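Here is the structure we will look at, set down as structure tokens.
Just so you know, all these numbers are worked out from the coordinates, no wet-lab data involved. The structure presented is a predicted model; accordingly, all values stated were derived computationally and were not measured. Please note: Cβ atoms are built from the backbone with ideal geometry, for glycine as well, and neighbour counts cover all protein chains shown.
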Amino acid sequence: MVEKERVSLCNDKEVKNGKYVLYWMQASQRAHFNPALEYAVLVANTMNKPLIVLFCIMPEYLTASFRHYQFMIEGLQETAQTIRGYGAAFIIKAGDPCEIIKELSESSSMIVFDFAYLDFMKAVRKKISAQTACRVVQVEGNVVVPVAAASSKEEYSAATLRPKVSAVISKYLNSEEEITELKNKISDPQIESLTEQQAKEYIKKFRTNNRYFDESRFIGGYSHARQKLDDFIKYKLHNYADMKNDPTSEVQSDLSPYLHFGQISPVYIANQITKVLSESAQEYLEELIVRRELAHNFVMYNDDYAQYNSVPAWAKKTLAEHLSDPREHCYSQKQLEDAQTHDEYWNSAQNELLLTGKMHNYMRMYWGKKIIEWSETPQKAFETMVYLNDRYEMDGRDPSGYAGICWCFGKHDRPWSPRSIFGNVRYMNDKGLERKFKIQKYVQRIKDLKKGS
Ligand SMILES: Cc1cc2nc3c(=O)[nH]c(=O)nc-3n(C[C@H](O)[C@H](O)[C@H](O)COP(=O)(O)OP(=O)(O)OC[C@H]3O[C@@H](n4cnc5c(N)ncnc54)[C@H](O)[C@@H]3O)c2cc1C
């Protein structure tokens, strides 16, 4: 069932009597638990039209590297196969979606989008909606609770969002997937499309022969995401509450790259985790729903989410007051990128990111706090973090990334006792890592990883 709060109109054009219904899949790259797809199937069946699902490979998508494209194409192969099994056509094109959809819209009865939160993708959807002659509708399927259904404003913290989410969540958590077979099946839409093999060839142009851009330890696709979720529930979840912060424990689910590309649904994950009644399951749902959807709330309601301007006023003030505090170490973006600092814990975290495409959550906090400490200005620190996070994290260019970076500057947090450079913004140091964890074990693991790769 597609809840009505997930669906919104993007233009005021009429539904036309075209040849097909077009679903432009971009944010929700999956065939299962995908409300945009369910909605498109429903419309196509109601109108007795065939459904065409389009995927556009966008060259130069923000700062994406080959390993991001590869992960995406791996996922699409499986998605395409499942969707064709439902009786829809799945076509892949490379290029500007505005141009591609302009052409396809001429024969469309109606167009369905999945929902975008980032500026760049919102602008593309707006342009397409304005230039098309038929109705365009978008469906918000990558969060458990649609952002506006939880709150109509930017929330101050997890504590203010949590009760709002709790009040409505049951409506969205228990929803069942309802993909029905298409009445009007189509096998050859007579529209030029790349085959999955050609798509694989196409993305080879993004290869750099630099392993940090080309290789990751993740294989994309719904089946891999499902396997990770099943393994997590079986082998790791019981330790999650106690050990999720420990970078040596590896009890995280590793689902963030799959969530970022929309290869698995957060509703599906939440439904599976909810079946486990434990403190750890509650802790996991807190991260998956409250923290993740707080990040979506931030990006939806704060236009400056990727800029220093989004830092709260109290934090900007205190950081400005400490601008002239002496900085013992100051590193350039290149030194940071190459993991060339005096701090072996920080270097290990950066190396983990370079080598695997995913840094442990606790080390991301430490990593960000240290970039603030070692940059000439907080503005420069913010820019460096956005660059490194988006370029290297497999889950980068995501609402949780921008919120995570902003958290390092005091967002969704509270003022703490004053410190040099940070003022009242929370500070983290290496002694904390040594006190809480067997941090040398983490350092050794990353060293072994580097040697072995
Ligand atoms: C500086 C910084 C940068 C970050 N950049 C990103 C990013 O680019 N993309 C990204 O998805 N997350 C980012 N995070 C949040 C968090 O670190 C990752 O979501 C988490 O490490 C992903 O690993 P996992 O899936 O194994 O997490 P698990 O611990 O298994 O958590 C499950 C899911 O809950 C959500 N989640 C967990 N922690 C957070 C959090 N703190 N904020 C929001 N959602 C959360 C994620 O969707 C995650 O996949 C960042 C955090 C910080 C401090």
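Work through the residues other than Lys450 whose Cβ is under 11 Å from its Cβ and net out their charges, Lys, Arg +1 and Asp, Glu -1.
On the way: positive: Arg211, Arg445, Lys447, Lys451; negative: Glu352, Asp448.
Once positives and negatives cancel, what remains is +2.
At 20 °C and 1.002 mPa s, grab the translational diffusion coefficient of the chain from Stokes-Einstein with a Kirkwood Rh over Cα pairs, rounded to a whole number in µm² per second. Could the numbers behind the result be given before it?
Details: Rh = 23.1 Å.
This corresponds to a translational diffusion coefficient of 93 µm²/s.
Past 22 Å, Cα to Cα: identify those pairs from Lys334/Lys411; Lys369/Lys411; Lys93/Lys205; Lys19/Lys122; Lys93/Lys122; Lys228/Lys334, in the order given. Kindly include the intermediate steps, with their values, before the conclusion.
Numbers: Lys334/Lys411 26 Å; Lys369/Lys411 13 Å; Lys93/Lys205 15 Å; Lys19/Lys122 27 Å; Lys93/Lys122 20 Å; Lys228/Lys334 34 Å.
Too far apart for the 22 Å limit: Lys334/Lys411; Lys19/Lys122; Lys228/Lys334.
For the stretch 232-289, which trypsin sites (Lys or Arg not before Pro) are both in a DSSP coil and crowded by at most 10 other Cβ atoms within 10 Å?
Values: sites: Lys234, Lys236, Lys244, Lys275; in loops: Lys244, Lys275.
Those satisfying the criteria are Lys275.
Counting only DSSP beta bridges with both residues in the chain, what percent are antiparallel, rounded to the nearest 5?
Values: 5 of 26 bridges.
DSSP beta bridges in the chain are roughly 20 percent antiparallel.
Based on alpha-carbon positions alone, could you give the equivalent ellipsoid semi-axes of the stretch 150-262 from the gyration tensor, as √(5λ), descending, whole Å?
Numbers: eigenvalues 225, 141, 59 Å².
Equivalent ellipsoid of the stretch 150-262: 34, 27, 17 Å, largest first.
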Express the C-alpha Rg of the stretch 308-452 as a ratio against the empirical globular expectation 2.2 N^0.38 Å, rounded to two decimals. 1.01
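What GluC sites (Glu not before Pro) in the stretch 47-102 are in a loop by DSSP, with at most 13 other Cβ atoms within 10 Å of the Cβ? Don't skip to the answer; put the middle values down first.
Values: sites: Glu60, Glu74, Glu78, Glu99; in loops: Glu60.
When the GluC sites (Glu not before Pro) of the stretch 47-102 are filtered for loop state and at most 13 Cβ neighbours within 10 Å, Glu60 remain.
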Packing-ranked peptide list from 202-214, 343-355, 161-173, highest mean Cβ count within 10 angstrom first, is 343-355, 161-173, 202-214
Given a cut-off of under 8 Å on Cα pairs at least six residues apart, what relative contact order in percent is computed for the stretch 308-452? 32 percent
Sorted peptide list for 112-119, 11-18, criterion being average Cβ within 10 angstrom, highest first: 112-119, 11-18
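Show me the chymotrypsin sites (Phe, Trp or Tyr not before Pro) within the stretch 28-108 that DSSP assigns to loop and that have at most 16 other Cβ atoms within 10 Å of their Cβ. Spell out each step's value before the answer.
Working: sites: Phe33, Tyr39, Phe55, Tyr61, Phe66, Tyr69, Phe71, Tyr86, Phe90; in loops: Phe33, Tyr61.
Here the chymotrypsin sites (Phe, Trp or Tyr not before Pro) that fit, given the DSSP loop and packing criteria, are Tyr61.
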Ranked by Cβ crowding within 10 angstrom, fewest neighbours first, how are Ile111, Ile273 ordered? Ile273, Ile111
How high is the relative contact order of the chain, given as a whole-number percent (alpha carbon pairs under 8 Å, six or more residues apart)? 19 percent
